[in-house]
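This report refers to the structure that appears directly beneath it.
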Amino acid sequence: MTKEFKPDPILESKSNPTFKNDEYVPLKKEVFVKAADMMSDKGYEEGYLADVIRTKMKRDQKRFWAGDNISDYVTEEMKHKLIDEATEAFELVLDRLLIDRETDPNSHGTARRLAKMYFNEIMSGRYDPAPDATAFPNDTEDRYEGMLVVRSELRSMCSHHHQPVSGVAYIGIIAAEKLIGLSKYTRIAQWCARRGTLQEELANDIAREIMKATGAKDVGVYVQAVHGCCENRGIMAHSSLTQTTVLKGAFKDDQGTKKEFFDNIKLQQDFAPR
Ligand SMILES: [Zn+2]
């Protein structure tokens, strides 16, 4: 199925009359690239790789919000070039903030540190494919049929201010036909968290990915987190805690299951607070 290409209003602007619009498209203000190259997988040498990837995602109508995974469009190899491009952009941000990158030794490599940190750490869940969670069959006679509650430490970042979010997710599941290794729950949760998120979305994302990896229909996710947004700026509230819950299947419909989940969370919290 071919998807209709929606032109980017910036890329398609007709501001430069020296180029025929259907032959060349402006990448930045003064960088132009052949329209044909723009649409292919190569040919970004004249412009920014990030712009080419962005154009491709728009063409495919692939959403690329801060909390979306775009690993289908970004290879390990591309990341190096993307980090170079982001370094250039962060240098400009520092310049605009009137921070001396030349003589301040602490600000000298900051642009590159920021670019690497975004791609490899705090937003790595956008660019990395889903963690490999090999599922084992749970179909023998003495199969595990009970509830499993895993406590996962999370580090995330709010989409609005790029401030840190730190907390814990409690992932509850009634074992289905497949089981995944215990550490995989946390790996999946952290992969969902290492993006720009909203806590409400994060709990949903974790529930969806756990359901995908395990095939389970009965899943509960409870996230409890403190937000740099509230602690470091704005209301400067140091003890504010946000809780979100997403319940699916029996966790939502069966009062007994729901109660067992929250009793388990309380037990875990007594053992390891927050
Ligand atoms: Zn925020």
**OP:** Just order 73-85, 128-140, 198-210 by mean Cβ neighbour count inside 10 Å, highest at the front, would you?
**Re:** 198-210, 73-85, 128-140
Original post:
What is the extension gain from Q268 to W65, computed as 0.36 nm multiplied by their sequence separation minus the C-alpha to C-alpha distance, in nm to one decimal?
Top reply: 69.7 nm
Original post:
Put a dot 7 Å past each Cα toward the Cβ at S166 and N120; how far apart are the dots in nm?
Top reply: 2.1
**OP:** Just grab the label-to-label distance for N106 and L241, each label 7 Å out from Cα along the Cβ direction, in nm (one decimal).
**Re:** 3.3
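Once you have the Cα-Cα distance between E200 and F136, take 0.36 nm times their residue separation minus that, and quote the gain in nm to one decimal.
Between E200 and F136, full extension yields an extra 20.0 nm.
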Subject >> Share of alpha-carbon pairs per 10 Å distance bin for region 43-192, given as whole % >> reply: 9, 28, 29, 20, 9, 4, 1
**OP:** May I have the convex hull volume per residue, in Å³, for the Cα set of region 54-109?
**Re:** 116
**OP:** Please give the net charge around D254, taking every other residue with its beta carbon less than 13 angstrom from that of D254, where Lys and Arg add +1 and Asp and Glu add -1.
**Re:** +2
Original post:
For region 62-141, what size does the Cα cloud have along each of its three principal axes, sorted from largest down, in whole Å?
Top reply: 69, 27, 22
Subject >> Reduced Cα scattering model of region 212-258, Debye log10 I(q)/I(0), q = 0.20, 0.23, 0.25, 0.27 Å⁻¹ >> reply: -0.69, -0.76, -0.83, -0.91
**OP:** Would you mind giving the three semi-axes, in whole Å and largest first, of the ellipsoid equivalent to region 95-136 according to its Cα gyration tensor?
**Re:** 36, 9, 5
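Report the full-extension gain for the segment E153 to N232: residue separation times 0.36 nm, less the Cα-Cα distance, to one decimal in nm. Could the numbers behind the result be given before it?
Values: separation 79, 0.36 × 79 = 28.44 nm, distance 2.08 nm.
Stretched fully, the E153-N232 segment lengthens by 26.4 nm.
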Original post:
Over all directions, what mean area does the Cα convex hull of region 146-274 project, stated in square nanometres?
Top reply: 7.5
Original post:
Between E76 and K259, what is the label-to-label distance in nm when each label sits 7 Å out along the Cα-to-Cβ direction?
Top reply: 5.1
Original post:
Which GluC sites (Glu not before Pro) from region 109-171 combine a DSSP loop assignment with at most 10 other Cβ atoms within 10 Å?
Top reply: E141, E145
Original post:
Plugging the Kirkwood radius over Cα pairs into Stokes-Einstein for region 123-189, at a temperature of 37 °C and a viscosity of 0.692 mPa s, what D comes out in µm²/s?
Top reply: 236
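Readers should treat all values here as calculations from the given coordinates under stated rules, not as data from a laboratory. Keep in mind that what you see is a predicted model, and the values were worked out from it rather than measured. Methodologically, a virtual Cβ is constructed for each residue, glycine included, from the backbone with ideal geometry; neighbour enumeration extends over all protein chains shown.
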